[in-house]
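The values are calculated or read from the model by the stated rules, or taken from the named source; none is laboratory data. Please read these numbers as outputs of a predicted model, since none were measured by experiment. We place every Cβ from the backbone using ideal geometry, glycine too, and count neighbours over all the protein chains shown. Each accessible area value is taken on the protein alone, full model and side chains, heavy atoms only, with ligands, DNA and RNA left out. Shrake-Rupley method; radii C 1.70, N 1.55, O 1.52, S 1.80 Å.
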There are 4 protein chains.
Amino acid sequence: MVKVAVVGASGYTGVELIRLLLSHPGVVITCVTSRQNAGENITAVFPSLLGRIALACDPVDPALIAAKADFVFTALPHQSAMEVVPELLAAGRKVVDLSADYRLREVSVYEAWYSRHTSADLLAEAVYGLPELYRSQIAGARLVANPGCYPTSVALALAPLLRAGLIDPGTLIIDSKSGTSGAGRSAKVDSLFCEVNEGFKAYGVASHRHTPEIEQTLTDLAGAKVVVNFTPHLLPVNRGILSTCYASLKTEMTTQELVTAFQQHYSGEPFVRVNPAGSLPNVAFVRGSNYCDLGVVGDPRTGRVIVVSTIDNLVKGAAGQAVQNMNLMLGFEESAGLTALPVFP
Amino acid sequence: MVKVAVVGASGYTGVELIRLLLSHPGVVITCVTSRQNAGENITAVFPSLLGRIALACDPVDPALIAAKADFVFTALPHQSAMEVVPELLAAGRKVVDLSADYRLREVSVYEAWYSRHTSADLLAEAVYGLPELYRSQIAGARLVANPGCYPTSVALALAPLLRAGLIDPGTLIIDSKSGTSGAGRSAKVDSLFCEVNEGFKAYGVASHRHTPEIEQTLTDLAGAKVVVNFTPHLLPVNRGILSTCYASLKTEMTTQELVTAFQQHYSGEPFVRVNPAGSLPNVAFVRGSNYCDLGVVGDPRTGRVIVVSTIDNLVKGAAGQAVQNMNLMLGFEESAGLTALPVFP
Amino acid sequence: MVKVAVVGASGYTGVELIRLLLSHPGVVITCVTSRQNAGENITAVFPSLLGRIALACDPVDPALIAAKADFVFTALPHQSAMEVVPELLAAGRKVVDLSADYRLREVSVYEAWYSRHTSADLLAEAVYGLPELYRSQIAGARLVANPGCYPTSVALALAPLLRAGLIDPGTLIIDSKSGTSGAGRSAKVDSLFCEVNEGFKAYGVASHRHTPEIEQTLTDLAGAKVVVNFTPHLLPVNRGILSTCYASLKTEMTTQELVTAFQQHYSGEPFVRVNPAGSLPNVAFVRGSNYCDLGVVGDPRTGRVIVVSTIDNLVKGAAGQAVQNMNLMLGFEESAGLTALPVFP
Amino acid sequence: MVKVAVVGASGYTGVELIRLLLSHPGVVITCVTSRQNAGENITAVFPSLLGRIALACDPVDPALIAAKADFVFTALPHQSAMEVVPELLAAGRKVVDLSADYRLREVSVYEAWYSRHTSADLLAEAVYGLPELYRSQIAGARLVANPGCYPTSVALALAPLLRAGLIDPGTLIIDSKSGTSGAGRSAKVDSLFCEVNEGFKAYGVASHRHTPEIEQTLTDLAGAKVVVNFTPHLLPVNRGILSTCYASLKTEMTTQELVTAFQQHYSGEPFVRVNPAGSLPNVAFVRGSNYCDLGVVGDPRTGRVIVVSTIDNLVKGAAGQAVQNMNLMLGFEESAGLTALPVFP
């Protein structure tokens, strides 16, 4: 059994990592950390875990973590991750970092959208952890930058179109909607039940930090610079992202032709499901699972294609994908610990 | 006091009409009809109305309705409305019809997207009931076709841009999200709580019946044929539509310039509120009210404008707009019965 | 027009007071205060109010408030209210206080369940603002202590039974469920959307501070000391309290006999609606309104009566009842500003 | 691998059985049936299952089912189950029936609360499938009557008190709240999203059919006839039951003494978790899992004990308990297929 640590265990991504790792056949959680709950048992923070784990939260101390675990998940806010990751790597630990700190290859882009980067030397080494696109690089990596939730939903939606050159990248518009767990577990008025429930809003229009991450991956896929409009919205559900993506087709294609192209592209992928023509995904059908569901429609009236993708933002959009990356990095079966079915309803 | 009838009172639009009309200073409800609840008191159908009205539901009989009321709201499914509206008009009653039956000017378009039209002779006379665009025609009409909920949210979002020729209409993409009351009150598995709650999906992609209605109004505004992509989604909230609209600007404009243009366009309108730059609407802030809130952002990276509009689909998107139309048709103050503030939270 | 102030305007009770007072025919809001939003326009805090009011938030300064307004609503946390109420009264202003500070007649009870009382001299003068029980005293008061939300729902549910001596008070069990707006608008992890949504829990079991307030009123009604079990629960809805009350009947009564007794007891009350036998209330049917709906069932198998009461915790449970009290204190029609119908769905 | 059938697969209990059984190491689903979806692939009914099963729905034909499977779960409405169970048993199949048809030992009680019983000869043989109370009998049974969701939550809450004679059974009051999946997946107006969301109501007061089932088990536990008040309420969540149970203690006990008694009673039980003193359960903490969480409080002011229990109504309240029973009947590890952790948030 590989000893693993969950750094930043008191957030929603942290508890989801614990949930998944406790069902994993090849690992044992030996360390959980939390700044605000240091000293408390993690079951007091999350009673859902009662009877399944009994660890007190450690402070966020890289030496202590490296002493307790061989493999580390860092689920910290951006800026905080880069304060601990270098030391963990230096101690010989492999790391999946779930923050934004190692996702962007260009330090200047990071500094334009986030803030100063103090660990830029690791950017060249870090591998972007989207297994469907970068599987072989992930397997050999020491440091994997786990993708953002929105970028995961978008990259999987558009890869078949961009790889095959079927669309004009200049026409791409991405309208995304995320469940509220994506906003994290810190106490903010904007995330209160009464502010979110029965509400719906756009936010970060033309300015959300996931934009450069999306563009970096789409640029890889298109082989040429891609610039997009990306608009996130806040959904009154706990879990789930749905991205609706629009682009002009270079040549007309029917819905059935598009579906077939998607099914061939993702043939053999364990976690991508392509809906049959006429059927479209729903965040409810991936809840609690590592699936990304895709639906695609061609519109002969406008010459556009519409792709709808859904993931559970805490699983394929965060903790599940992190475990998938760990599986690749440690040579486990890629789906180990990730076979739970969606919980519907 | 003008005697009014609500035909189709047992649906969500019906009960919302009753709620608003009971607060209207110039009318009295003298007739409510319901096929499935005929004979029952409307307060047994909707206990929210207890103590405020005491009418048994009549069957849907135009002669009976015309005998009891001077002004009629028909809140029936499409196809059913055209079975009663001609007789009501013939009896000298004024009508606001909330179905789709009289919204499209071209009978061929109606028949392509809906089904056969048996009352096409009234199409030329019917006025499309969006007061912000067609106020003077409404005032003189016998028959007003109350707009669809999605088309209302879209037309108000785009009117300032299309009227002023600021965007390329060929680039228009409309991504809309509607609360579940828009799906009506009939018993369907798809509308069950457990199917909708904690879920989110697109539907009617590239095929929704509101598309030609949207295009008809946008064509009026642009002065040239407009074809759009319109994608509706189902939100797990009771009330509210949010439409996110994308288009390429003909010349670059800042967010502040766009906001100013919108504020000037809607200056004096009682029910359209334009958010200041940097602020965006939320369906929660219009709930229960007749407001349409608008937010606008210019994106210098892509040269596009993004407009976000919110309405309560049952008020400005249905019953409230119908009362606003009645006010114009009967010479009441336009905001009579519609001054209630949004209910937040 | 009477000039009124809303002290503590940035909470949910504050915005609800503003919503109701803006529809009131006899008052004008001349002052709103907020500690954390001082200087901001109240419409920036609550965009639902956009276009209907334009006041900057003042700091909580009694002299300033008294200078701007003739009548004051204090919607502050307990302990904070008693810091401003004495000075407002001394300045000749009438006050409805929505905190717990003046609800309990015995200072020792307040100090046992809350903390030290620094304004105990006003307790004898303060009138408990439940109009259905204390209407005449309210009309003559300078200081009205607006009841808690739970106690309102419970007192109205049990008054007909206790006044008529139909039940054994020693058997009273009260199981209450409240919407989340009752927890206030301060940023706490426990009130986050993801903690509350899809959840349900009991809290404050055998220890909630509304217990002595409930017992004080029930003791008044019974004419003898009443001690109860009161268990609150947190409902994943924005608004609404439902209390299910159980007691042993002294002599057997049918459901119809009980319903009749309730209807007679509340005959003429503008804001209490008794459901017919066989029908039970739902928080959805009072949402946004000042109604308290009651349903009652007799159980011949156990000899108990079950009363179910519903209110909107922000209206009849707070702001609406406060306006009702103001109406009595200022000689307005008791229902002025409170005639809006419930918003369903 | 044991071949199992899920009869009534298109309901919420059906899909939950499939979800759990697909993760079970010792069984394979060889037959699913559905009246309304006969002929359709079950993945078309529930896209959450896409890629994990590919079976067309059979009609409900006992001979066909018995030919395809060795073990059968019948998840049919009451009255329908008794039409197929006898034939399945006669064909030598073991059955867990999730309807109410075989839960009540007395045919007269069944006929008083439900309707005529046509399979009464099997009542003596059927074992009530609550493993924590009847484990050994279940292991040897051919036919297990899976308990109702409410009765499960209540029996586990009260067993430690009744077995030890700590309370007066005549004072028992049970106030339960259930998520909406408990109402099933048939198309009814009362179960529509807009009717349930933001609502809360009691139903079946003093008349719910789970009452005699609850009383039968509590009578077993108490060793003397128990009659209770049981009031169910409808919660606007998909999953979860919380029961709040009140009774008078025979002798005063502190909360800590009560918690200790509960922990000792359930020591070694794999699916019952007792919260430490001061902590209370939340339906969110058992979602998707087979756990029953219990919290207990003693109230020295009233001499009563309050027990709060939570389960996921579709798991421990239905499909999970059914799998637990199957495990006992077939000699599998009792927790096989049931080890998934709760999904929070």
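A compact table of results
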| read-out | value |
| --- | --- |
| Meets criteria (hydrophobic (A, V, I, L, M, F, W, C), open to solvent by less than 10 Å² (accessible area, probe 1.4 Å) and free of Cβ contacts under 8 Å to residues at least 12 places away in the same chain) for C:PHE193 | yes |
| Within the range A:65-79, considering residues that are over 16 Å from the mean Cα position of the chain (by Cα) and without any contact (Cβ under 8 Å) to a residue 60 or more places away in the chain, the one nearest to A:GLY184 (Cα to Cα) | A:GLN79 |
| A:ALA322 being modelled with pLDDT of 95 or more, open to solvent by less than 10 Å² (accessible area, probe 1.4 Å), more than 22 Å from A:LEU76 (Cβ to Cβ) and assigned to a helix (DSSP H, G or I) | no |
| Test result for B:GLY278, assigned to a loop (DSSP other than H, G, I, E, B), within 11 Å of chain A (Cβ to nearest Cβ), free of Cβ contacts under 8 Å to residues at least 24 places away in the same chain and not aliphatic (A, V, I, L, M) | yes |
| Which numbered condition B:ALA100 misses (of (1) over 22 Å from C:PRO345 (Cα atoms); (2) not in a loop (DSSP other than H, G, I, E, B)) | (2) |
| Among residues of the range C:40-58, those that are open to solvent by 60 Å² or more (accessible area, probe 1.4 Å), part of a loop (DSSP other than H, G, I, E, B) and farther than 22 Å from C:ALA322 by Cβ, counted | 3 |
| Every residue from the range B:21-44 that is in contact (Cβ under 8 Å) with a residue 40 or more places away in the chain and polar (S, T, N, Q) | B:SER23 |
| Number of positions in the range D:21-71 that are among the basic types (Lys, Arg) and at positive phi | 0 |
| So B:GLN216, is it in contact with a Gly (Cβ under 9 Å, 6 or more places away or on another chain), over 25 Å from A:VAL283 (Cα atoms) and among the polar types (S, T, N, Q) | no |
| Residue within the range B:20-32 that is crowded, with 21+ Cβ neighbours inside 10 Å and touching a Pro at 6+ places or on another chain (Cβ under 9 Å) present | no |
| Residue that is among the small types (Gly, Ala, Ser) and free of Cβ contacts under 8 Å to residues at least 24 places away in the same chain, where the choices are C:SER99, C:SER119, C:SER136 | C:SER136 |
| Residue among C:GLY199, C:GLY129 that is at pLDDT 95 or above, more than 24 Å from C:LEU221 (Cα to Cα) and touching a strand residue (DSSP E or B) at 6+ places or on another chain (Cβ under 7 Å) | C:GLY199 |
| Unmet requirement for D:TYR246, which otherwise passes all of (1) more than 9 Å from chain C (Cβ to nearest Cβ); (2) over 18 Å from the mean Cα position of the chain (by Cα) | (1) |
| Residues of the range D:283-312 satisfying the condition of being open to solvent by less than 10 Å² (accessible area, probe 1.4 Å) and among the polar types (S, T, N, Q) | D:SER289, D:ASN290, D:SER309, D:THR310 |
| Odd one out for C:TYR12, checked against (1) modelled with pLDDT of 95 or more; (2) open to solvent by 10 Å² or more (accessible area, probe 1.4 Å) | (2) |
| Of all residues in the range C:166-178 being within 17 Å of D:SER248 (Cβ to Cβ) and within 10 Å of chain D (Cβ to nearest Cβ), the one that is surrounded by the fewest Cβ atoms within 10 Å (Cβ to Cβ) | C:GLY170 |
| Residue ID - farthest from the other protein chains (Cβ to nearest Cβ), chosen from residues in the range C:321-345 that are in contact with a helix residue (DSSP H, G or I) (Cβ under 6 Å, 6 or more places away or on another chain) and not hydrophobic (A, V, I, L, M, F, W, C) | C:ASN325 |
| Residue match in the range D:223-243 (condition: assigned to a helix (DSSP H, G or I) and more than 26 Å from C:ALA284 (Cα to Cα)) | no |
| Which listed residue is in contact with a Pro (Cβ under 9 Å, 6 or more places away or on another chain) and among the aromatic types (Phe, Trp, Tyr), from C:TYR128, C:TYR114 | C:TYR128 |
| Looking only at the range D:77-93, and only at residues there that are open to solvent by 20 Å² or more (accessible area, probe 1.4 Å) and of a type outside the set (Gly, Ala, Ser), the one that is nearest to D:ALA222 (Cα to Cα) | D:HIS78 |
| Candidate set from the range A:222-248 (those that are touching a residue at least 12 places away in the same chain (Cβ under 8 Å) and open to solvent by 10 Å² or more (accessible area, probe 1.4 Å)); member that is farthest from C:ASN238 (Cα to Cα) | A:ALA224 |
| Residue, nearest to the other protein chains (Cβ to nearest Cβ), within the range D:293-317, restricted to residues that are outside any loop (DSSP other than H, G, I, E, B) and touching a Leu at 6+ places or on another chain (Cβ under 6 Å) | D:VAL308 |
| The range C:110-125, residues that are open to solvent by 20 Å² or more (accessible area, probe 1.4 Å) and in a loop (DSSP other than H, G, I, E, B) | C:TYR114, C:SER115, C:ARG116, C:THR118, C:ALA124, C:GLU125 |
| Flag for B:VAL296 being within 30 Å of C:LEU341 (Cα to Cα) and of a type in the set (Val, Ile, Thr) | no |
| Sole exception among (1) polar (S, T, N, Q); (2) out of contact with any Ser or Thr (no Cβ under 7 Å at 6 or more places or on another chain); (3) open to solvent by less than 50 Å² (accessible area, probe 1.4 Å); (4) within 13 Å of chain C (Cβ to nearest Cβ) for D:THR254, by number | (3) |
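Residue-by-condition table, conditions (1) more than 30 Å from B:GLY240 (Cα to Cα); (2) out of contact with any Gly (no Cβ under 7 Å at 6 or more places or on another chain); (3) open to solvent by less than 10 Å² (accessible area, probe 1.4 Å):
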residue: D:VAL95; (1), (2), (3): yes, yes, yes
residue: D:SER108; (1), (2), (3): yes, yes, no
residue: D:THR180; (1), (2), (3): no, yes, yes
residue: D:GLY184; (1), (2), (3): no, no, no
residue: D:VAL205; (1), (2), (3): yes, yes, no
